[in-house]
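Notes to accompany the following structure.
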Amino acid sequence: MMQAIRLKTGFIPVFFVLLLITTSLQAKLQVKGLWVVRGTLTTPARVDQMIRFAISGGYTDIFVQVRGRGDAFYESKMVPKSSLIRPRTFDPLADIIHQAHGAGIRVHAWFNTYLAWSASSLPS
């Protein structure tokens, strides 16, 4: 009987330590993600608006489409920059990384792997 009481009282502190560890890990593993399509990355004003939305919504992660139809929404030596970006010197991905990281938000780049074009006329 005495041994059963010792086991029970010894179990209680261990239980609470495990509960604290589990709760701490759950808080670190929680993700509140925002999926951002490339049409949002065309101008600095649109990127700023999206970042403000992410901050106000308490998002922890932003998943950004940086390749759509064979063009890039970042500086690249391998693929052409999207013709939708204005001004042409704007680097949407670099701006998003700078602003999001400053707000404690993680950034994940999302690529459309094989889609090059689906419109009736080819890109230039």
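The values are calculated or read from the model by the stated rules, or taken from the named source; none is laboratory data. Just so we're clear, the structure is a prediction, and the values are computed from it rather than from any experiment. Cβ placement follows ideal geometry from the backbone for every residue including glycine, while neighbour counts extend to all protein chains displayed.
The residues of the range 78-107 that are surrounded by fewer than 16 Cβ atoms within 10 Å (Cβ to Cβ) and hydrophobic (A, V, I, L, M, F, W, C), listed by number, are MET78, VAL79, LEU84, ALA94, ALA103. Among the criteria (1) assigned to a loop (DSSP other than H, G, I, E, B); (2) modelled with pLDDT under 95, the one PHE90 does not fulfil is (2). In a residue-by-residue description of the range 111-118, the property of being in contact (Cβ under 8 Å) with a residue 24 or more places away in the chain, assigned to a strand (DSSP E or B) and either hydroxyl-bearing (Ser, Thr, Tyr) or loosely packed, with under 13 Cβ neighbours inside 10 Å (or both) applies to at least one position. Screening the range 93-110 for residues that are assigned to a loop (DSSP other than H, G, I, E, B) and among the aliphatic types (A, V, I, L, M) and picking the one that is nearest to the chain's Cα centre (by Cα) gives ILE105. Candidates in the range 76-87 are the residues that are part of a loop (DSSP other than H, G, I, E, B) and basic (Lys, Arg); of these, the one that is modelled with the highest pLDDT is ARG86. Note on the range 54-72: among residues that are among the charged types (D, E, K, R) and at pLDDT below 95, the one that is farthest from ALA119 (Cα to Cα) is ARG67. Considering only residues of the range 102-124 that are in contact with a strand residue (DSSP E or B) (Cβ under 7 Å, 6 or more places away or on another chain) and within 19 Å of VAL31 (Cβ to Cβ), which is modelled with the lowest pLDDT? Per the criteria, the residue is TRP110. Selection of the range 30-48 for residues being part of a loop (DSSP other than H, G, I, E, B) and either surrounded by 14 or more Cβ atoms within 10 Å (Cβ to Cβ) or touching an Asp or Glu at 6+ places or on another chain (Cβ under 8 Å) (or both) yields VAL31, LYS32, THR42, THR43.
Which one of the conditions (1) part of a helix (DSSP H, G or I); (2) β-branched (Val, Ile, Thr); (3) crowded, with 18+ Cβ neighbours inside 10 Å does VAL64 fail to meet, given that it meets all the rest? Only one criterion in (1) part of a helix (DSSP H, G or I); (2) β-branched (Val, Ile, Thr); (3) crowded, with 18+ Cβ neighbours inside 10 Å is unmet by VAL64, namely (1). Being at pLDDT 95 or above and crowded, with 17+ Cβ neighbours inside 10 Å: is that true of ILE51 here? Here the answer is yes, as ILE51 does meet what is asked.
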